Amino acid sequence: MIDWLRREPREAPEIALGERRLPVIVVRHPRARRMTLRLAPAGDAVRVTLPRWGRTAEALAFARSRAEWLAAQLAKVPAPDPPRPGGRLPYRGRALAIAWSAEGPRGPHLVDETIAVGGPQRHLAARLARWLEGEGLRLMAADLADFAAAAGVPRPALRLSRARRRWGSCASDGTVRINWRLVMAPDAVRRSVVAHEVAHLLHFDHGPAFKAALERIYDGDLAAADRWLNERGRTLYAPFG
């Protein structure tokens, strides 16, 4: 359950981080045992997760007590860098050169390390985002099939997520959602998130059995993938916000 803290009626709480003010979102989680704090990947909100019995006033005080740490995290958020002709597009851990021509075919197509796209320039970012989503769906469906087979479970339904704060999720009905931006990350990183959600089909918590299942089905270095997401995951929000 999400509860916006309020200092006055209809006024969402904010926290001052240098010259910026960000909203504070409080989430009560049934399995949370303590308060945790994080900055949204895009740097546009602060999120506090607390147990069901936690007080919202304490959550806001908790966030404000760590304003210095939050400001340091905010400074690490990359500036927006929307796609532009002659620029670069992240794709599977590579940086594709964007070759745009108004007279060229509107549908983006990959040629070696270049993504060619035509049509009006004002639609460039939207076309590239749709292309990336299509590529993400294709790649993630293959990942899901691999890990479902390794886990010995039926392949679940897959949906792309546009979440601002989560890389993946597994619903109680078995539907797996993966953040489409992961198509811009290295393959091993994207696959680690898919494997994580498939492991939740076996164990819905993060206990020892879940960790053992994830290590069994994932075919890469989990620590390295987690490290990449922690250190560079926010860069995936720079091209499209």
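Starting from 0 in steps of 5 Å, tell me what percent of the Cα-Cα pairs of region 110-157 lands in each bin. Result, from short to long distances: 5, 18, 18, 17, 12, 9, 10, 7, 3, 1 percent. Each Lys or Arg adds one and each Asp or Glu takes one away; over the other residues whose Cβ falls under 13 Å from the Cβ of Lys211, this sums to -2. Can you list the DSSP H helices in the chain whose Cα atoms extend at least 24 Å along the helix axis and whose mean Kyte-Doolittle hydropathy is 0.0 or higher? Result, helices passing both filters: 124-151. Highest mean packing first, where packing is the average number of other Cβ atoms within 10 Å per residue, the peptides 93-99, 108-114 line up as 93-99, 108-114. Neighbours of Ala188 by Cβ distance under 15 Å: Lys/Arg scored +1, Asp/Glu scored -1, total -2.
Between the alpha-carbon centres of region 85-122 and region 190-222 there is a gap of 35 Å. Distance between the modelled labels on Arg52 and Phe210, one decimal in nanometres: 1.8 nm (7 Å Cα→Cβ projection). Listed options for mean projected area of the Cα convex hull in nm² are (1) 17.7; (2) 15.1; (3) 12.0. The value calculated from this structure is the one marked (2).
What does the charge add up to near Pro120, with Lys and Arg as +1, Asp and Glu as -1, over the other residues with Cβ less than 15 Å from its Cβ? Working shown, then result.
Details: positive: Arg84, Arg106, Arg122, Arg127, Arg130; negative: Glu103.
In short, +4.
Computed on the chain, with alpha-carbon pairs under 8 angstrom and 6+ residues apart, the relative contact order is 16 percent.
Using only the alpha carbons of region 85-141, what is the convex hull's orientation-averaged projected area in square nanometres? Show your work: numbers first, answer last.
Values: hull surface 14.3 nm².
If I average the Cα hull's projected area over directions, I get 3.6 nm².
Using per-residue counts of other Cβ atoms within 10 Å, averaged over each peptide, order 120-127, 203-210 from highest down. If you can, show how the numbers build up before the last one.
Working: 120-127: 13.8, 203-210: 11.9.
For the peptides 120-127, 203-210, the packing ranking is 120-127, 203-210.
Assigning unit charges at the beta carbon (Lys, Arg +1; Asp, Glu -1) and nothing else, what dipole magnitude in debye, to the nearest 20, does the chain show about its Cα centre?
Details: 40 positive and 25 negative charges, 153 e Å.
Here the size comes out at about 740 debye.
No lab work stands behind these numbers, since they all come straight from the coordinates. Being a predicted model, the structure only gives us computed values, none of them experimental. Positions of Cβ are backbone-derived with ideal geometry, glycine not excepted, and every protein chain shown enters the neighbour counts.
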